[in-house]
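The values are calculated or read from the model by the stated rules, or taken from the named source; none is laboratory data. Note that the structure is predicted; figures quoted are calculated from it, not measured. Note that we place each Cβ from the backbone using ideal geometry, even for glycine, and neighbour counts take in every protein chain shown.
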Amino acid sequence: MSILNTDKTLPANKLIFEVRRDVRLRERFSTDLEGLMSDYGLSEAEKDALRNADLERLGELGMHPYFLPQVTRLFRGAGYNHNESAAARLYAEKMLKGKP
Amino acid sequence: MAEIVSVLALAHAPGATGWLDRAPRHEQEALLAGYAAMGEKLRAARPDVIVGVANDHLLNFPLESIPDWCVGTAERWRGPAEWFRDWVNIPPYEVAGERELARHIVRESARRGFNLAFSDRLEFDDNWSVPLKFLTPDYGVPLVPIHMNCVVPPLPEPERCYAFGRTLAEVVRAWPARARVAVMGTGGLSHDPGGPKYFAVDEKFDRWFLELLASGDPQKVVREATIERMIAAGDGGTVELLAWIVALGAAGGGPAMADFYVPSVALRCGMGGVSWAP
């Protein structure tokens, strides 16, 4: 997992980039993720990784590392993002297998 | 002609405003004291405008076309961007821009070999929201934000960042207005958003980097503080120190004094700041 492995052309990167900048897209992320992923042309591998918040796999596919914690915040909430927050725990679970 | 009255660089990690209460008491106190001291120093220099340099964090630069630097040319800025508001826990604010200086920087840098992008529409996240909250809480000093690419390779190499800082200072001083200008780099120190060291800080690297900046030897800085070393100390975050190297260039390469350093696992970042003698 490194910024050096980022695939700028990965549709999932475009999706996350735009979802963060547009409230309506963010609502759709919550209510119609499948439709949103299809509209952005994600591959089956990308769709599967994103719907499961599989951060490790998303990274392998070329999602920019900076987006990975943001994926956890899209699923679990962005506010009060301390190390025990739901979003940070999701990160630990998916990326670090629960450690620390 | 404008003069540069202050050059500083400091961390902008969102935990400082978003969840500081979760850090140990001694970390909270050291961080708040450090930011307060830097704010006092900055305000004592009575800047008419701050020229800031910081990571764009893939918030504005489209994946299709990422510039090394983009100068914000608007008359007025609003922050934080909606998606980051809860995260940084900072209420909406406005800060004036300085359009004429921003345009001057773009025009004159082009004559000196720097092809800067420019935009009237930049959204702000922690990059400006956190430092401004601590340094100029009344948002009373206009800001020319220069967003830079610190995270999507290829990145501008330290040598290029230093050269840009030198050029930026030269260009600012050539601005015909009588103005007092501060240059502020934000970002770093070690942190690893999106990587395996998300819940860690590389204190050894941070202290090494701060000592390197204190050396007053800019050639040594650009030679030793390589992108590879920054990446090794925290992949997606530590490279924000490239903005500090721009500040180093703007300061003319002299030694930087560390104002504070707090390696905070609770904030998931090595928090610190330095300033250069004017």
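Going through the range A:58-100 one residue at a time, which ones are facing chain B (nearest Cβ under 8 Å), in a loop (DSSP other than H, G, I, E, B) and crowded, with 21+ Cβ neighbours inside 10 Å?
The answer is A:H64, A:P65, A:Y66, A:A78, A:N81.
Let me spell it out: the conditions are (1) more than 12 Å from chain A (Cβ to nearest Cβ); (2) touching a residue at least 40 places away in the same chain (Cβ under 8 Å); (3) part of a helix (DSSP H, G or I), and B:F84 meets all of them except one. Which number is the exception?
Exception for B:F84: condition (1).
Report yes if some residue within the range B:128-149 is out of contact with any Leu (no Cβ under 8 Å at 6 or more places or on another chain), in a loop (DSSP other than H, G, I, E, B), in contact (Cβ under 8 Å) with a residue 12 or more places away in the chain and within 14 Å of chain A (Cβ to nearest Cβ); otherwise report no.
Taking every residue of the range B:128-149 in turn, none turns out to be out of contact with any Leu (no Cβ under 8 Å at 6 or more places or on another chain), in a loop (DSSP other than H, G, I, E, B), in contact (Cβ under 8 Å) with a residue 12 or more places away in the chain and within 14 Å of chain A (Cβ to nearest Cβ).
Across the range A:9-40, what is the total count of residues that are surrounded by 15 or more Cβ atoms within 10 Å (Cβ to Cβ) and part of a helix (DSSP H, G or I)?
Residues meeting the conditions: 16.
Here is a yes/no grid of residues against (1) within 28 Å of B:A200 (Cα to Cα); (2) in contact with a His (Cβ under 7 Å, 6 or more places away or on another chain); (3) basic (K, R):
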residue: B:N115; (1), (2), (3): no, no, no
residue: B:D126; (1), (2), (3): yes, yes, no
residue: B:D138; (1), (2), (3): no, no, no
residue: B:I146; (1), (2), (3): no, no, no
residue: B:R160; (1), (2), (3): no, no, yes
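Within the range B:93-113, work out how many residues are touching a strand residue (DSSP E or B) at 6+ places or on another chain (Cβ under 7 Å) and in a loop (DSSP other than H, G, I, E, B).
Total satisfying the criteria: 2.
So how many residues does the range B:144-164 have that are over 24 Å from B:D235 (Cβ atoms) and buried (at least 24 other Cβ atoms within 10 Å of the Cβ)?
Residues flagged as over 24 Å from B:D235 (Cβ atoms) and buried (at least 24 other Cβ atoms within 10 Å of the Cβ) within the range B:144-164 amount to 2.
Got at least one residue in the range B:4-23 being out of contact with any helix residue (DSSP H, G or I) (no Cβ under 6 Å at 6 or more places or on another chain), charged (D, E, K, R), more than 27 Å from B:A277 (Cα to Cα) and within 14 Å of chain A (Cβ to nearest Cβ)?
Yes: the range B:4-23 contains one or more residues that are out of contact with any helix residue (DSSP H, G or I) (no Cβ under 6 Å at 6 or more places or on another chain), charged (D, E, K, R), more than 27 Å from B:A277 (Cα to Cα) and within 14 Å of chain A (Cβ to nearest Cβ).
Quick test of your reading of the structure: A:F29 fulfils all but one of (1) within 8 Å of another protein chain (Cβ to nearest Cβ); (2) farther than 27 Å from B:K197 by Cβ. Name the failing condition by number.
Condition not satisfied by A:F29: (1).
Of the residues B:E82, B:E75, B:E3, B:E40, which is among the charged types (D, E, K, R) and closer than 24 Å to A:R20 by Cβ?
Values: B:E75 fails: closer than 24 Å to A:R20 by Cβ; B:E3 fails: closer than 24 Å to A:R20 by Cβ; B:E40 fails: closer than 24 Å to A:R20 by Cβ.
Going through B:E82, B:E75, B:E3, B:E40 in turn, the sole match is B:E82.
Might you check whether a residue that is surrounded by fewer than 17 Cβ atoms within 10 Å (Cβ to Cβ), more than 9 Å from chain A (Cβ to nearest Cβ) and under 27 Å from B:I245 (Cβ atoms) occurs anywhere in the range B:50-73?
Checked the range B:50-73: at least one residue is surrounded by fewer than 17 Cβ atoms within 10 Å (Cβ to Cβ), more than 9 Å from chain A (Cβ to nearest Cβ) and under 27 Å from B:I245 (Cβ atoms).
Given the condition outside any loop (DSSP other than H, G, I, E, B), farther than 25 Å from B:P218 by Cα, within 16 Å of the chain's Cα centre (by Cα) and basic (K, R), answer yes or no: does some residue in the range B:153-166 qualify?
Among the residues of the range B:153-166, not one is outside any loop (DSSP other than H, G, I, E, B), farther than 25 Å from B:P218 by Cα, within 16 Å of the chain's Cα centre (by Cα) and basic (K, R), which makes the answer no.
Report, by residue number, each residue of the range B:227-251 that is among the small types (G, A, S) and under 15 Å from the mean Cα position of the chain (by Cα).
Those that are among the small types (G, A, S) and under 15 Å from the mean Cα position of the chain (by Cα): B:G237, B:A243, B:A247, B:G249, B:A250, B:A251.
Looking at B:G18, B:G79 in this structure, which one is at pLDDT 95 or above, out of contact with any strand residue (DSSP E or B) (no Cβ under 8 Å at 6 or more places or on another chain) and surrounded by 19 or more Cβ atoms within 10 Å (Cβ to Cβ)?
Step by step, each of B:G18, B:G79 is checked, and only B:G18 is at pLDDT 95 or above, out of contact with any strand residue (DSSP E or B) (no Cβ under 8 Å at 6 or more places or on another chain) and surrounded by 19 or more Cβ atoms within 10 Å (Cβ to Cβ).
Have a look at B:A44, B:A13 and point out the one that is touching a strand residue (DSSP E or B) at 6+ places or on another chain (Cβ under 9 Å) and buried (at least 24 other Cβ atoms within 10 Å of the Cβ).
Testing whether each residue is touching a strand residue (DSSP E or B) at 6+ places or on another chain (Cβ under 9 Å) and buried (at least 24 other Cβ atoms within 10 Å of the Cβ) leaves just B:A13.
Can you pull out every residue in the range B:40-81 that is touching a residue at least 24 places away in the same chain (Cβ under 8 Å) and of a type in the set (D, E, K, R)?
Applying the first criterion (touching a residue at least 24 places away in the same chain (Cβ under 8 Å)) to the range B:40-81 yields B:41-43, B:45-61, B:63, B:66-75, B:77-81.
Of everything in the range B:40-81, those that are touching a residue at least 24 places away in the same chain (Cβ under 8 Å) and of a type in the set (D, E, K, R) turn out to be B:K41, B:R43, B:R46, B:D48, B:D56, B:D68, B:E75, B:R78.
Being assigned to a strand (DSSP E or B) and in contact with a Phe, Trp or Tyr (Cβ under 9 Å, 6 or more places away or on another chain) is the filter; apply it to the range B:1-49 and report the residue that is farthest from B:L267 (Cα to Cα).
Ranking the qualifying residues of the range B:1-49, first place goes to B:S6.
Quick grid of which residues meet (1) basic (K, R); (2) within 14 Å of another protein chain (Cβ to nearest Cβ):
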{"site": "B:A163", "(1), (2)": "no, no"}
{"site": "B:A177", "(1), (2)": "no, no"}
{"site": "B:D192", "(1), (2)": "no, yes"}
{"site": "B:Y198", "(1), (2)": "no, yes"}
{"site": "B:R207", "(1), (2)": "yes, no"}
{"site": "B:L210", "(1), (2)": "no, no"}
{"site": "B:G234", "(1), (2)": "no, yes"}
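For the range B:169-255, which helices (runs of 4 or more DSSP H) that fit wholly inside it have 3 or more residues that are buried (at least 24 other Cβ atoms within 10 Å of the Cβ), touching a residue at least 24 places away in the same chain (Cβ under 8 Å) and not aromatic (F, W, Y)?
B:241-250
Please work out if B:D126 is within 16 Å of the chain's Cα centre (by Cα) and among the charged types (D, E, K, R).
yes
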